[in-house]
Amino acid sequence: MFEFEFCIAGVMLISLILYVLTGGADFGGGIWDVFATGARANAQRKLITEAIAPIWEANHVWLIVIVVLLFVAFPPAFAAISTALHIPLTLMLIGIVLRGSAFVFRTYDVKEAGEHEPDRNEEREQSGPAYRRWSRVFAGASIITPIMLGVTLGAVATGTIHVNVENGQVDTDFVSSWLAPFPFAIGFFTLTLCALLAAVYLTLETEDSALQEDFRRRALIAAGSVGVMAWLSFMLSAEGAPTIRRGLSSSTWAICFHIITGTVSVTGMWAIWKRRFRLASALVPIQVGLIIFGWGVAQYPYLVAPALTFSNSAAPAVVLRLLLIIVGVGAVIVLPAFYYLYVVFKGRRRT
Amino acid sequence: MEDLLAARAQMAMSLAFHIIFASVGMAMPLLMVIAEALWLKTGAKVYLLLAKQWAKGTAILFAVGAVSGTVLSFELGLLWPGFMNYAGPIIGMPFSLEGLAFFLEAIFLGIYLYGWERVQRYAHWFAGVMVLISGTLSGIFVVTANAWMNTPTGFSIANGTVTDINPVAAMLNPSSFSQCLHMCLAAFLAVAFATAGIHAYYLRRDRSNIFHRKAFAIALTVGSVMALLQPISGDISAKRLAKHQPIKLAAMEGQWETVHGAPLRIGGIPFEEFEETRYAIEIPKALSFLVHADFNAKIMGLKEIPKENRPPVAIVHIAFQLMVACGIVLLVAGCLGGWLAWRRKSLPIEGWYLRFVTLCTPLGFIAIEAGWTVTEVGRQPWVIYNIMRTADAVTPMPHLIVPFLSFTVLYIFLSIIVIILLRRLFRSTLAKAVSAGKI
């Protein structure tokens, strides 16, 4: 059980959870940018921008970590996934490019105003046509990208990517694995998770109680949507992803796991309702982490069902051992730096 | 367009686009760190202004570099699953180290760009140094993986399958040192001269502008040092090629026959149908001397190997000539600037020299693009030299023309926007600089 490939797979799962908790929330910020409404629409946008500007690039690296670990440790799985799911992955990449670019362009596409009139500068920044144009691109891309990420993960879970283990060839029509109800349910499920995370985090980013209320309302809506999508995904999994379904429903630990996840989710919602925002922003990430963790464990022992397991697609032990050493050293260096980044920008504000 | 060609075009276009932003991400931190260090040391506010203004431009370029780099890491699988399935474990080490370095780069860049008011000034400067170190390491690791494709080592093949993988040996393959050195110097050279060129342009309009003077001085100094070092690194690369990839060297030089005492060709067009290079100025025996320090040393020609194993000679030869030409112009610009500065004991800001440096703005980047063309096209028809053909690595996915065109349109669009935004930024730099002059 504690062989190298399972350690790497564990690191990948943790990285995916961290990606959704951090990078996913950045996409969620983009989603709330679309729905910025009312008298405080501009204030909402400003809050979202300031919250994600310093950290989104670092958050984004978790995705690169996952991809690199996948192609180094499980090369046949990487080849199979990127062949059969070429289309959703390409759409996701276009989303990633447009989201990141539009976000910085929006910040810098400001007609210069003199240094001596910063207020005017800010006002133009918020309402100028360039700002609105980039906002639309940023928001649209922030919606497409998590959906396509979810579609990809959902398609892997369907067990319809058939790989010939002998020669590594993939038998695929490039479409049917992902263009199905279950992967898209997972896509929208991912979208609601991102929206929920962002709304909950944003309640802590401001002292302004009206703004806090705005994001409290949004968090409640998102939490409800998460519940609906979770239920829908589970229903569709009977047809769409039988292996996962078995893993998620048949054993005692699975039932316990559901009870824990459910309790955390409901408590999280209660905390949002009661305006216990610190508590909510601790519980909601745990809820999201548990959901992803549950999926990961239900995949076991398959990486790309039905042919590729973690064991039969793993790279040679010498490669995995070295990779684990690099991951260990990397964790010692990167995690404190990552933490420092958050302390600098997310520590209690002194204004 | 057949799918293999579309896949190659998409990969080439993605790399050509990304390398510009990646170079900026590597080299701009050096300029910013120097400016900020001068501010910390002298307290002169102009240096702080400079570091902040450079940081704004870097923020735009780094973001585009980060997302286009993500595209590349996926494209390895989207376009070349056969290659990744084969090579993934062997070259996994540099890729995972690159992921690590890039993580640090993104973290400290966030602190550098947005943390001016949030961390202490020395902590801020240190964040810049960390961006510089991790950015450079990240570039080195990626180039190492490419070097392996040129000189694959660290494994053996038994019955068509890979065995005895030694990731460390693969990473430290014979091309790693020369390629990494050449690319790092190229990035600093290109970015420093582009920066110097842009500031030279504004300096010509306003010689007394202290902001542009300081910017020009820092960028030109860095650029000149790199321009002086780059020929040494080029020499190391050529000697490595002669030993490990003689056919690539032959294509670069348009050398068809194996001879003792091969000439160095300046210009000329290789004709593949006649198997000869015409219209070149030939310096007798110079190539043999440069590569082997012996005027009569033997140089392998393209005719040694069958036609189907040769790279497209004309592209490689012309790209190589272009790269060298750009490098020489930059070397002249650097030497001239150094000589003028030494003689006058002041910044060389006479009109003709500023005009010359302004014209040099794109040359470093043209050299980088041409150099990568030499490396990549010169390796064809192989994706892993002498082991796997590019045609055998491509995805079975049909209609690859669609993603190729989509990404091309997307990247052209982004390039236009980036240029517009940087121009605007430089104009506001100008406005600020003028007001800074009043302070």
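The values are calculated or read from the model by the stated rules, or taken from the named source; none is laboratory data. All figures in this text were calculated on a predicted structure; none of them were measured in a lab. Because the Cβ atoms are built from the backbone with ideal geometry, glycine has one as well, and the counts that use them run over all protein chains shown.
Yes/no per residue for (1) over 28 Å from A:ALA271 (Cβ atoms); (2) at pLDDT 95 or above; (3) outside any helix (DSSP H, G or I); (4) touching a Lys or Arg at 6+ places or on another chain (Cβ under 9 Å):
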| site | (1), (2), (3), (4) |
| --- | --- |
| A:PHE188 | no, yes, no, no |
| A:LEU191 | no, yes, no, no |
| A:LEU202 | no, no, no, yes |
| A:GLU207 | no, no, yes, yes |
| A:GLN212 | no, no, no, yes |
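Quick check on B:MET300: is it within 16 Å of B:GLY378 (Cβ to Cβ) and either of a type in the set (Asp, Glu) or modelled with pLDDT of 95 or more (or both)? Steps first, please.
Numbers: within 16 Å of B:GLY378 (Cβ to Cβ): yes; either of a type in the set (Asp, Glu) or modelled with pLDDT of 95 or more (or both): no.
No, not satisfied.
For residues that are in a helix (DSSP H, G or I), farther than 30 Å from B:ILE420 by Cβ and more than 8 Å from chain A (Cβ to nearest Cβ), tally how many sit in the range B:61-86.
2
Filter the range B:179-238 down to residues that are more than 18 Å from the chain's Cα centre (by Cα) and polar (S, T, N, Q), then give me how many there are.
The qualifying residues number 3.
Determine, yes or no, whether B:ALA16 is in a helix (DSSP H, G or I), surrounded by fewer than 21 Cβ atoms within 10 Å (Cβ to Cβ), touching an Asp or Glu at 6+ places or on another chain (Cβ under 7 Å) and not acidic (Asp, Glu).
So B:ALA16 fits the description; yes.
Inspect the range B:87-104 for any residue being closer than 23 Å to A:GLU50 by Cα and either in a loop (DSSP other than H, G, I, E, B) or in contact with a Pro (Cβ under 7 Å, 6 or more places away or on another chain) (or both) and give the result as yes or no.
no
Would you mind finding the one in B:LEU113, B:LEU137 that is touching a Ser or Thr at 6+ places or on another chain (Cβ under 8 Å) and either among the hydrophobic types (A, V, I, L, M, F, W, C) or more than 17 Å from B:TRP54 (Cα to Cα) (or both)?
Working: B:LEU137 fails: touching a Ser or Thr at 6+ places or on another chain (Cβ under 8 Å).
Being touching a Ser or Thr at 6+ places or on another chain (Cβ under 8 Å) and either among the hydrophobic types (A, V, I, L, M, F, W, C) or more than 17 Å from B:TRP54 (Cα to Cα) (or both) holds for just one of B:LEU113, B:LEU137, which is B:LEU113.
Looking only at the range B:53-60, decide whether some residue is facing chain A (nearest Cβ under 7 Å), at negative phi, under 21 Å from the mean Cα position of the chain (by Cα) and assigned to a helix (DSSP H, G or I).
yes
For A:VAL297, state whether it is in a helix (DSSP H, G or I), surrounded by 21 or more Cβ atoms within 10 Å (Cβ to Cβ), in contact (Cβ under 8 Å) with a residue 40 or more places away in the chain and at negative phi.
Against the criterion (in a helix (DSSP H, G or I), surrounded by 21 or more Cβ atoms within 10 Å (Cβ to Cβ), in contact (Cβ under 8 Å) with a residue 40 or more places away in the chain and at negative phi), A:VAL297 does not qualify.
Can you confirm whether B:VAL142 is part of a helix (DSSP H, G or I), surrounded by fewer than 19 Cβ atoms within 10 Å (Cβ to Cβ), within 14 Å of another protein chain (Cβ to nearest Cβ) and touching a residue at least 24 places away in the same chain (Cβ under 8 Å)?
no
Looking only at strands (runs of 3 or more DSSP E) that fall completely inside the range B:210-321, which ones have 2 or more residues that are touching a strand residue (DSSP E or B) at 6+ places or on another chain (Cβ under 6 Å) and closer than 30 Å to B:GLY197 by Cβ?
By residue number, B:264-266.
Which of the helices (runs of 4 or more DSSP H) found entirely inside the range A:26-99 contain at least 3 residues meeting this: of a type in the set (Gly, Ala, Ser) and farther than 30 Å from A:LEU204 by Cα?
A:75-84
Give the residue that is surrounded by the fewest Cβ atoms within 10 Å (Cβ to Cβ), with candidates limited to residues of the range A:158-210 that are away from chain B (no Cβ under 14 Å) and free of Cβ contacts under 8 Å to residues at least 12 places away in the same chain.
A:SER209
From A:PHE257, A:PHE345, grab the single residue that is in a helix (DSSP H, G or I) and in contact with a Pro (Cβ under 7 Å, 6 or more places away or on another chain).
Being in a helix (DSSP H, G or I) and in contact with a Pro (Cβ under 7 Å, 6 or more places away or on another chain) holds for just one of A:PHE257, A:PHE345, which is A:PHE345.
Looking at this structure, is A:ARG246 at positive phi and either buried (at least 18 other Cβ atoms within 10 Å of the Cβ) or not acidic (Asp, Glu) (or both)?
It is false that A:ARG246 is at positive phi and either buried (at least 18 other Cβ atoms within 10 Å of the Cβ) or not acidic (Asp, Glu) (or both).
Of the residues that make up the range A:331-342, is at least one part of a loop (DSSP other than H, G, I, E, B) and under 30 Å from B:LEU113 (Cα atoms)? Steps first, answer last, please.
First pass over the range A:331-342, keeping only residues part of a loop (DSSP other than H, G, I, E, B): none.
Checked the range A:331-342: no residue is part of a loop (DSSP other than H, G, I, E, B) and under 30 Å from B:LEU113 (Cα atoms).
Anything in the range A:9-29 that is out of contact with any Ser or Thr (no Cβ under 7 Å at 6 or more places or on another chain) and of a type in the set (Phe, Trp, Tyr)? List them, or say none.
A:TYR19
Going by what's in this entry, would B:ILE368 be described as part of a helix (DSSP H, G or I) and crowded, with 19+ Cβ neighbours inside 10 Å?
yes
Does B:ALA123 satisfy the criteria of being farther than 22 Å from A:HIS60 by Cβ, hydrophobic (A, V, I, L, M, F, W, C), in a helix (DSSP H, G or I) and out of contact with any Asp or Glu (no Cβ under 7 Å at 6 or more places or on another chain)?
On the way: farther than 22 Å from A:HIS60 by Cβ: yes; hydrophobic (A, V, I, L, M, F, W, C): yes; in a helix (DSSP H, G or I): yes; out of contact with any Asp or Glu (no Cβ under 7 Å at 6 or more places or on another chain): yes.
Yes.
Sort through A:LEU283, A:LEU308, A:LEU324, A:LEU303 and tell me the only one that's touching a helix residue (DSSP H, G or I) at 6+ places or on another chain (Cβ under 8 Å), surrounded by fewer than 19 Cβ atoms within 10 Å (Cβ to Cβ) and either closer than 28 Å to A:GLY168 by Cα or more than 10 Å from every other protein chain (Cβ to nearest Cβ) (or both). Talk me through it step by step, then tell me what you get.
Numbers: A:LEU283 fails: surrounded by fewer than 19 Cβ atoms within 10 Å (Cβ to Cβ); A:LEU308 fails: surrounded by fewer than 19 Cβ atoms within 10 Å (Cβ to Cβ); A:LEU303 fails: surrounded by fewer than 19 Cβ atoms within 10 Å (Cβ to Cβ).
Going through A:LEU283, A:LEU308, A:LEU324, A:LEU303 in turn, the sole match is A:LEU324.
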